[in-house]
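In what follows, a structure is listed as structure tokens, so that the remarks can point back to it.
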Amino acid sequence: MEQALSLAKLALGQASPNPAVGAVVVKEGVVVGQGYTQPPGSHHAEVLALKQAGEQAGGGVMYVTLEPCCHHGRTPPCTGAIISAGIREVHMAMLDPNPSVSGRGKDELEREGIEIYLGEHEEEAKEINEAYTKFITTGIPFVTAKFAVSLDGKIATRKGDSRWISGREARKYVHCLRYTTDAIMAGVNTLLADDPHLTTRCSGGRGGTARKQPLRVIVDGKGRTPLTAQVFNEPGRTLLALGRTATLKEKAAFAQAGAEILESPTAEGLVDLEKLLRALGEREITSVLVEGGGILLGSLFDRWLVDKVIAFIAPIIIGGEVAKTAVAGRGVSKVAESFRLERVRVEKLGDDLMVSGYVVAKGE
């Protein structure tokens, strides 16, 4: 199962909106087949593992990180392939939260006399597919807030300089985070201040060397995004979320630059973030990595739209009364009302600390 989990991680960010699944087929104590979910329309993990095992799959044991599907989607059901191959025993880490499956795959295999073991390394499997679980049950993507701060909580100096707060190891890790997510979101102020590329270089080289670039989402209430921004010169797609109605001239100009415009205004002339996330879900975006700035992060926290936090803390002091902090917005009036994290982890990346955790649901 540990091998299957390692395989599943290879599918993160590349298999969406399908779950990231790993499967291993064992015969007489020897691994004879393995696989992980391919991009939509291609093989699922179980089918790849069975194809690699061939005739040796008969009478073998399958270890899979998620309950095999039992319905026709873009591909035939995996349960049918498992039954046809003659697998005698299936170990699955967790049930599929998809209402179309949710125990039905397990039941179908059991009816065929296949012995089922459920729950091995369940927590690890749930973490791998935390975005898929939220998306498949709500239609809304899983939102991760990522930021790097100095020891005194600053994301830039009083003059706006922010390169680089975090060290090389942390920045490399962020590119791998981008690789495993469906979309990267940033506010227009970050775009104007840093002119970021918002691409992943996790698989080597810049820009198009990754198998798939995340969707770039720019949140721009007043429509200040310049056509010269780096995001329009990179491989992949860019979505510009406006807090007002775009003119025909703007639509034509951004379309020429390869960007799609989504109008989701509020009465205050800002971007309706709830509507934006729902629209991303309709585009089958299952996960969003929000990379700033403080105004956007603050707005997301104020609306309880953040699921997970990944913060890099650098051992530097920036100081300055007006230097920017990672999370702006309204904030809370009492410490007791603070957004709390659970399942917190602390890791060391070079000289930086990485603190991650999940936002405790409102009212809990």
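The values are calculated or read from the model by the stated rules, or taken from the named source; none is laboratory data. Since the structure is predicted, the reported quantities are computational estimates derived from the model, not experimental observations. As a convention, Cβ positions derive from the backbone with ideal geometry for all residues, glycine included, and neighbour counts pool all protein chains shown. Areas reflect the complete protein model, heavy atoms only, side chains present, ligands, DNA and RNA absent. Shrake-Rupley method; radii C 1.70, N 1.55, O 1.52, S 1.80 Å.
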DSSP bridge orientation in the chain - percent antiparallel, rounded to nearest 5: 40 percent
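Round to a whole number: what % of the accessible area of the chain belongs to carbon and sulfur, probe 1.4 Å? Numbers along the way, then the final one.
Values: 8840 of 17400 Å².
Of the solvent-accessible surface of the chain, carbon and sulfur hold 51 percent.
Please report the orientation-averaged projected area of segment 1-51, defined via the convex hull of its C-alpha atoms, in nm². Before the final figure, lay out each step's value.
Values: hull surface 12.6 nm².
Mean shadow area of the hull around the Cα atoms is 3.1 nm².
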Listed residue (I83, G60, G153) projecting farthest to the positive dipole end of segment 43-171, Cβ model: G153
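Treating the beta-carbon of each Lys and Arg as +1 and of each Asp and Glu as -1, no other charges, what is the dipole magnitude of segment 104-231 about its Cα centre, to the nearest 20 debye? Provide the component values of the computation, followed by the final result.
Working: 21 positive and 18 negative charges, 247 e Å.
Dipole of segment 104-231, to the nearest 20 debye: 1180 debye.
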Label-point gap, in nm, between L118 and H71 - each point 7 angstrom along Cα→Cβ: 1.7 nm
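R0 = 35 Å: FRET efficiency of A252 with R168, Cβ-based, nearest 0.05?
Working: r = 41 Å, r/R0 = 1.18.
Once the sixth-power term is evaluated, E becomes 0.25.
I'd like to check one number: the per residue accessible area of the chain, probe 1.4 Å, reported in Å² as a whole number.
On the way: 17400 Å² over 364 residues.
Here the per-residue accessible area is 48 Å².
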Cα-only radius of gyration and Dmax that characterise segment 229-364, units Å: 17.8, 49
Part-to-part distance (alpha-carbon centres) for segment 255-306 and segment 60-100, which is given in Å: 35 Å
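Please identify the trypsin sites (Lys or Arg not before Pro) of segment 255-364 that satisfy two criteria: DSSP loop assignment and at most 10 other Cβ atoms within 10 Å. Which are they? Intermediate values should be presented prior to the final figure.
Details: sites: K275, R278, R283, R303, K308, K324, R330, K334, R340, R343, R345, K348, K362; in loops: R283, R303, K324, R330, K334, R340, K362.
Filter output for segment 255-364: R330, K334, K362.
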Principal semi-axes in Å for segment 139-203 [√(5λ), Cα gyration tensor, largest first]: 21, 15, 12
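Would you tally the net charge around L192, using a Cβ to Cβ cut-off of less than 11 Å, leaving L192 out, and scoring K and R as +1, D and E as -1?
In short, -2.
Kindly provide the helix-only [θ] at 222 nm of the chain, computed as the sum of -39,500 (n - 2.57) over DSSP H runs of four or more divided by all residues, to the nearest 500 deg cm²/dmol? Kindly include the intermediate steps, with their values, before the conclusion.
Values: 11 runs with 96 residues, N = 364.
Computed mean residue ellipticity for the chain: -7500 deg cm²/dmol.
Of the chymotrypsin sites (Phe, Trp or Tyr not before Pro) in segment 262-364, which ones lie in a loop per DSSP and count no more than 10 other C-beta atoms within 10 Å? Could you put the intermediate results ahead of the total?
Working: sites: F301, W304, F312, F339, Y358; in loops: W304, F339.
Passing both the DSSP loop test and the Cβ count: no residue.
Mind checking Rg over Rh on segment 63-177, alpha carbons, Kirkwood formula for Rh?
Working: Rg = 21.1 Å, Rh = 17.3 Å.
Taking Rh as the inverse mean 1/r over Cα pairs, Rg/Rh reads 1.22.
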Reachable aspartates and glutamates from K27, criterion Cα separation under 13 angstrom, eight or more residues apart if same chain: E55, E89
Correct option for mean projected area of the Cα convex hull in nm² [calculated from the coordinates] among (i) 22.1; (ii) 24.2; (iii) 20.0: (iii)
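Taking only the C-alpha atoms, wrap a convex hull around segment 1-133 and report its volume per residue in Å³ as a whole number.
Numbers: hull volume 11.4 nm³, N = 133.
Here the figure is 86 Å³ per residue.
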Residue-span extension gain [E263 to T228] - 0.36 nm each, minus C-alpha spacing: 10.5 nm
Net dipole in debye of segment 234-364 [+1 Lys, Arg Cβ; -1 Asp, Glu Cβ; about Cα centre; nearest 20]: 160 debye
Segment 314-347: GluC sites (Glu not before Pro) in DSSP loop, at most 15 other beta carbons within 10 Å: E321
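Just list whichever of K212/K308; K172/K251; K222/K334; K9/K222; K134/K212 have alpha carbons separated by over 29 Å in the model shown. Display every interim value, and only then the final one.
Values: K212/K308 23 Å; K172/K251 35 Å; K222/K334 32 Å; K9/K222 39 Å; K134/K212 22 Å.
Among K212/K308; K172/K251; K222/K334; K9/K222; K134/K212, the Cα-Cα distance tops 29 Å for K172/K251; K222/K334; K9/K222.
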Translational diffusion of segment 299-364, µm² s⁻¹ [Kirkwood Rh, Cα pairs; Stokes-Einstein; 10 °C; 1.306 mPa s]: 116 µm²/s
Sum of side-chain charges, G86 neighbourhood, beta-carbon under 12 Å (Lys, Arg +1; Asp, Glu -1): -1
Compactness relative to 2.2 N^0.38 Å, alpha carbon Rg of segment 185-305: 1.02
